[in-house]
Amino acid sequence: MAVAVRLALIVLLLLGPGGWGHTEPSRDSLREELVITPLPSGDVAATFQFRTRWDSELQREEVSHYRLFPKALGQLISKYSLQELHLSFTQGFWRTRYWGPPFLQAPSGAELWVWFQDTVTDVDKSWKELSNVLSGIFCASLNFIDSTNTVIPTASFKPLGLANGTDHYFLRYAVLPREVVCTENLTPWKKLLPCSSKAGLSVLLKADRLFHTSYHSQAVHIRPVCRNARCTSISWELRQTLSVVFDAFVTGQGKKDWSLFRMFSRTLTEPCPLAAESRVYVDITSSKQDNETLEVNPPPLTTYQDVILGTQKTYAVYDLLDTAVINNSRNLNLQLKWKRPPENGYIHYQPAQDRLQPHLLEMLIQLPANSVTKVSIQFERALLKWTEYTPDPNHGFYVSPSVLSALVPSIVASKPVDWEESPLFNSLFPGSDSSSYFVRLYTEPLLVNLPTPDFSMPYNVICLTCTVVAVCYGSFYNLLTRTFHIEEPSKGGLAKRLANLIRRARGVPPL
Amino acid sequence: MAANSFRPRVLTALAGLLALSFGSLADSRIEDQAEQFFRSGHTNNWAVLVCTSRFWFNYRHVANTLSVYRSVKRLGIPDSHIVLMLADDMACNARNPKPATVFSHKNMELNVYGDDVEVDYRSYEVTVENFLRVLTGRVPPGTPRSKRLLSDDRSNILIYMTGHGGNGFLKFQDSEEITNIELADAFEQMWQKRRYNELLFIIDTCQGASMYERFYSPNIMALASSQVGEDSLSHQPDPAIGVHLMDRYTFYVLEFLEEINPASQTNMNDLFQVCPKSLCVSTPGHRTDLFQRDPKNVLITDFFGSVRKVEITTETISLQPDLGIMESSNKEDQIDEERMEPLKYAEQLPVAQIIHQENLFKSAILLLGQRMN
C-alpha cells in the first residue's frame, strides 16, 4: 500500500518537469455539436456528435499518454490493428416518410462492422476477440457475434476513412437485432467523452429523457482521416454520435413548441473547456410551413447555409464558446415556437339539435392560386323512432346540397352595368367592382342509405308471444282451475236405439 | 503509632494498585486497537448480483437486484468489482411507462436503476453455465475484465441471488435450474482455488433456505428470505406500472441498508433481524456454522462496502528522477515522417468496379485458399 503510494508520487513528480519543459501544441482536439431539426410531423430530432481527432500514428509508436482520445479505444486500435470501426446501438426505426432523410441511420439492435488492416493474419480470430472486448466496454451482448451472424460484404461498406486498398477480405459485418439499448449502454458511452456529462453538450445526455423517445441511436465511429490539406499523414478520428427523435404526443403532450428544457430537462450552462468548438445548430429551413412561422429564441447571431442531402438548408448557429451566447450568469435554453399569423377569415357554425334544427356551417375562405382546396364535414344522422319513418324508408335520406358563393377575379375588366340598357341575363347579380364577378354554385344533394328497421317485427312478436302465452299459460290455467268429473252416459233416445240395431247387425259392440 | 504508620502504607498500596490498573487498562486499549486492525482478514471486496427471471411480471426481481447494486455502489464497491447479471431488461422494456427507470417504492419514489449503471451479463447471457464460470473463474478466453470475478484469497465476496426457486433449486430464465448441490460444489471449488476470504450468500426466493443447506466450505455465511416449505412474498404493486415492485425481504433489507454509511459499525446480527415474520410473512433464515468469526464482530461494511485501511505517514520521501522515462517522453515529440504521395478516401459506391468485380472476387478466393493453406 505504501509502496504503491511511493510509486504514484514518483510518477507524478517526473511528469511534472517533463511536461513543463516542452510546450508543444496538443495533438488531439475535440469538436462537439448538436443539431436540432423540427420534423414535418411536429416531432423534433436532436443529433449529437462528439469528434475527437488525434494527430498520431498509432501503429508506429508505442503510445502511453492519452489525453482526449479514450485509452480503451486507442488500445483496441493498436492491439487488433483496426483500420476502421463502426458500432451502433439503436432502438426504434427512422420513419423517412414522416421525418425526412436522416443524417446517419442505423439498424434496430446492434450493428458492428470493422475493417482490419492488411497486416492481420487471422481476421476471424481478431474479429471474435474484438467483439468480446467491445461487449465488455459497452455492456452489451456483442459476444454473441460469431460466424453464424457475420458476413463479408463484397460490394458495399467501403471504408469511410482513408484506405490504401479495399480488399474485402479484411471487412467483417454483423448485426444483432435482438439487442436492447438502455442506460447501461449509455453510461460507458458517456464515460468515453472527454467532458463526460459534466460540461458542454454532454450535460444534456440524461437517460430518463433520451430513452422516452421514438428513435434512439448511439454510435461510435473510428476511422483514419487526412491530417491536412495535402493529406500526407494520418490522424485518427473518433466520432460518437447520438440521434434521438422526441415524439410530439408522448413527450410534447401534443404541442409543437419545443425547448431544450422540454426535451432534455436540462439547459446548457457552460461549454466544455477541453473543446475547440462547441456549437448548436437549429434547422430553420422550413421556417414557413402550413401557414406557421418558426421562431427561435434567443435569436441567433449567425446562420449557416449549405446544400445538405440534396436540398438547400439554413441553420441558426449558437457558438457555446462565445460569451455573448452563454456565460456564467446565463444559461442557454433554446426555444422553438410555431406562430400562426392572424387569420383574415370567418367561420360560423351552429350545431344541429335533434328534431329542432339542422347543422349550419358558414366559412369565408381565401383560396390560394393554382391549388385545390377540399372542404369536408363529417356528420351523423340520429336513429329515428319507429313511428317517424316514412312509408318507404329503403329509398334513403337526403342531405341538402351545399352552397358556394364566390367572387371570382375576372381576366378582363368589365365596365359597370346599367340595368335598364343591358340585357336581362347580365343583370341578375349586382356587380360590385369591375375586377371580379359574383357567382353562386351548388353541389349535388346527397342520398344516404341508412339501415332501416324491420317493420314487420312488432306483428311477429305479438303473434309469437300470444301463441306461447295461450298454449303454455292457457294449458296450465285449464289444468289448475277446471275440475273434471265423470259423466253418466244417457239411457234413452230413438236415434240411439236405431244406431244400436244397425251396430248389432254389423257385429260392432253397441253404444 | 502503629495505626499512624499503617495508614500511609495502605495509601501507597492503594495508589500502587491504582497505577497498576491504569497501566494495564492503557495496555489493553492499545491491544484492542491493534486487534481491531486485524479484525477481518480481507483487503478487497467483490459483489456478484444475479437476477434470474425473465418477463415483465418479474419486474420485482430486477428491482431487488438493482437495489442491492445501488447500496453496494453507494457504500464504496466500484463497478469494476461488481458483476451484475440481469436476465431481462425492465428499464427499457416496451411495457415500462417510464423508460430508463426501475422503481422500488410505489409512487415512484426511488429509481434504483439510476443514471450510472453497468450491467455485465444481460438477457440471454445469464445462464447457469455462465454463473458457475464466473464464480469458479473458468471463463472462456477473451472474456473481458468486467465480466470476470478476479478475486483472490483476501477478497470478501457478496453473492446475492433472486428469482423463482423451490426446494433445492433456483430457476434461471424459465428454462433451466441450478441446484443447491451444484452451488455448494462451486463454492468448494472457489475455496480450493483460494478465490475468497469470506463469502456472504443472500438469496431471496421461495424456499430459499434450501439453497444453503448443502454448503460445506468454510467461511461462508448465508441468509435466505424464507424457510423450506414457505413462499417469499412480494411487497406492493404500483398501479401506474402495473406490477409488484419489490419482494418483501429485499425491500426491508434495502431500507436497512439505506441507513448504513461507510463508517457505520452495524454488525451482522442486525441484518439477521431485518425482516421479522410480522413484516415478511415468511421466516427469514441464516446459517453461520461454517463462518469462523462471531457474527456480532462482522461489520455490514465488510461485505456490502469497500472500506480500505489507510495508513497516514508524516515522513518525508525524496525521489530520484528516472532518466529512462524522460528519454521515452522526448521520443514522442518527433514529427511523424510524412509520406511522399497523398492518401485518398475510398469511393463509397464505385459502380463500374463492382460490376466488373468477378475477376477481383476470383483472385480474392485464390488468396484465401493460399492463406488457409
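Quick note: the coordinates plus some simple rules give every number you see, no bench work behind them. What you are looking at is a predicted structure, and each value in this text was computed from that prediction instead of being measured. Heads up, the Cβs are rebuilt from the backbone with ideal geometry, glycines too, and the neighbour counts pull from every protein chain shown.
So what is the 222 nm mean residue ellipticity for the protein assembly as shown from helices alone, if each DSSP H run of at least 4 adds -39500 (n - 2.57) and you divide by all residues, rounding to the nearest 500 deg cm²/dmol? Display every interim value, and only then the final one.
Numbers: 21 runs with 229 residues, N = 884.
Calculated from helices alone, the mean residue ellipticity at 222 nm is -8000 deg cm²/dmol.
Roughly how big is segment A:295-445's charge dipole about its Cα centre, with Cβ charges of +1 (Lys, Arg) and -1 (Asp, Glu), in debye to the nearest 20? Mind dumping the intermediate values first?
Working: 11 positive and 15 negative charges, 101 e Å.
I would put it at about 480 debye.
For chain A, can you list the cysteines whose C-beta has no other cysteine C-beta under 4.7 Å from it?
Unpaired cysteines in chain A: A:CYS139, A:CYS463, A:CYS466, A:CYS472.
Based on Cβ point charges of +1 for Lys and Arg and -1 for Asp and Glu, what charge dipole magnitude is obtained for segment A:28-338 about its Cα centre, in debye rounded to the nearest 20? Mind showing how you got there, number by number?
Numbers: 32 positive and 31 negative charges, 84 e Å.
Value, rounded to 20: 400 debye.
Positive end of the dipole of the protein assembly as shown, charges at C-beta (+1 Lys, Arg; -1 Asp, Glu), about the Cα centre: which of B:SER123, B:GLN192, A:ASN449 has its Cα farthest in that direction?
Looking along the dipole axis, the top candidate is A:ASN449.
Could you point to the residue in A:PRO298, A:PRO159, A:ILE326 farthest towards the positive end of chain A's charge dipole, with +1 and -1 charges on the Cβ of Lys/Arg and Asp/Glu respectively?
In chain A, that residue is A:PRO159.
Identify, among B:ILE312, A:SER400, A:TYR389, the residue whose Cα sits farthest towards the positive end of the charge dipole of the protein assembly as shown, taking +1 on the Cβ of Lys and Arg and -1 on the Cβ of Asp and Glu, with the dipole about the Cα centre.
It is A:TYR389.
Taking each residue in A:132-138, count the Cβ atoms of any other chain within 10 Å of its Cβ, then average. What number comes out? It would help to have the intermediate numbers written out before the result.
Details: counts 6, 4, 1, 9, 9, 3, 1.
The mean count of partner-chain Cβ atoms within 10 Å per residue comes to 5.
Please report B:SER71, A:SER78, B:SER151, B:SER175 as a ranked list, fewest other C-beta atoms within 10 angstrom at the top and most at the bottom.
Values: B:SER71 21, A:SER78 14, B:SER151 24, B:SER175 9.
Sorted ascending by nearby Cβ count, the order is B:SER175, A:SER78, B:SER71, B:SER151.
Roughly how many nanometres apart are two label points built 7 Å out from the Cα toward the Cβ at A:CYS463 and A:THR303?
8.1 nm
What does the charge count near A:LYS206 come to, summing +1 for each Lys or Arg and -1 for each Asp or Glu among other residues with Cβ under 11 Å from its Cβ? Display every interim value, and only then the final one.
Working: positive: A:LYS190, A:ARG209, A:ARG266; negative: A:ASP208, B:ASP115.
Net charge in that neighbourhood comes out at +1.
Pop the C-beta distance of A:GLN366 and A:ASN228 into the FRET formula with R0 = 60 Å and round what comes out to the nearest 0.05.
Numbers: r = 58 Å, r/R0 = 0.97.
Calculated transfer efficiency: 0.55.
Taking a temperature of 20 °C and a viscosity of 1.002 mPa s, what whole-number D in µm²/s does Stokes-Einstein yield for segment A:28-338 with Rh from Kirkwood over alpha carbon pairs?
On the way: Rh = 20.6 Å.
It diffuses with D of about 104 µm²/s by this estimate.
Can you give the charge dipole size of segment A:396-497 about its Cα centre, rounded to the nearest 20 debye, using +1 on the beta carbon of Lys and Arg and -1 on the beta carbon of Asp and Glu? Before the final figure, lay out the partial values.
Numbers: 6 positive and 8 negative charges, 246 e Å.
The dipole magnitude comes to about 1180 debye.
Tell me which residues come under 5 Å, amide H to amide H, from B:ILE202 once H is placed; ignore anything under 5 positions away on its chain.
Placed amide hydrogens put B:ILE159, B:TYR160, B:MET161, B:LEU223 under 5 Å from B:ILE202.
What list of ³J(HN,Hα) couplings, whole Hz, do you get for segment B:236-242 from phi and the Karplus terms 6.51, -1.76, 1.60, once you set θ to phi - 60° and write x for glycine and proline?
After applying 6.51 cos²θ - 1.76 cosθ + 1.60, I find 9, x, 10, x, 6, 8, x Hz.
What are the ³J(HN,Hα) values, in whole Hz, obtained from phi via the Karplus relation 6.51 cos²θ - 1.76 cosθ + 1.60 with θ = phi - 60°, for each residue of segment A:83-97 in sequence order, with x given for Gly and Pro?
9, 8, 9, 9, 10, 9, 10, 9, 10, x, 9, 7, 8, 4, 5
If you build the convex hull over the alpha carbons only and average its shadow over all orientations, what do you get for the protein assembly as shown? Give it in nm² to one decimal.
Working: hull surface 386.6 nm².
Mean projected area for the protein assembly as shown: 96.7 nm², to one decimal.
Pop the C-beta distance of B:MET108 and A:ASN327 into the FRET formula with R0 = 51 Å and round what comes out to the nearest 0.05. Mind showing how you got there, number by number?
Working: r = 36 Å, r/R0 = 0.71.
After rounding to 0.05, the efficiency reads 0.90.
Residues with amide H under 5 Å of A:SER259's amide H, sequence separation 5 or more or different chain, H placed in the peptide plane at 1.01 Å from N; which?
Excluding prolines and chain starts, which carry no amide H, the hits are A:LEU336.
Only bridges with both residues in segment B:44-297 count here: give the DSSP antiparallel percent, nearest 5.
Values: 12 of 39 bridges.
Antiparallel bridges make up about 30 percent of those DSSP assigns within segment B:44-297.
Give me the angle, in degrees from 0 to 90, between the Cα long axis of helix A:71-80 and the longest principal axis of the Cα atoms of chain A, rounded to the nearest 10.
80 degrees
Which ³J(HN,Hα) values, rounded to whole Hz and listed in residue order, are derived for segment B:290-296 from phi using the Karplus coefficients 6.51, -1.76 and 1.60 in 6.51 cos²θ - 1.76 cosθ + 1.60 with θ = phi - 60°, glycine and proline given as x?
Result, ordered by residue: 7, 8, 7, 8, 6, x, 6 Hz.
State the dimensionless ratio Rg/Rh of segment B:200-273 (Rg: radius of gyration of Cα atoms; Rh: Kirkwood radius). Numbers along the way, then the final one.
On the way: Rg = 14.6 Å, Rh = 14.0 Å.
Result: Rg/Rh = 1.04.
Order these by the 10 Å Cβ neighbour count, fewest first: A:ILE377, A:ILE77, A:ILE152, B:ILE312.
On the way: A:ILE377 9, A:ILE77 22, A:ILE152 15, B:ILE312 4.
Listed from fewest to most nearby Cβ atoms, that is B:ILE312, A:ILE377, A:ILE152, A:ILE77.
For a quick check: sort A:CYS182, A:CYS466 by the number of other beta carbons within 10 angstrom, fewest at the front. Please list the in-between numbers first.
Details: A:CYS182 26, A:CYS466 10.
By the 10 Å Cβ count, ascending, the order reads A:CYS466, A:CYS182.
Could you work out the mean count of beta carbons from other protein chains within 10 Å of each residue's beta carbon in B:112-125?
Details: counts 0, 5, 4, 9, 8, 7, 9, 7, 4, 4, 9, 6, 3, 5.
Mean inter-chain Cβ contacts per residue within 10 Å come to 6.
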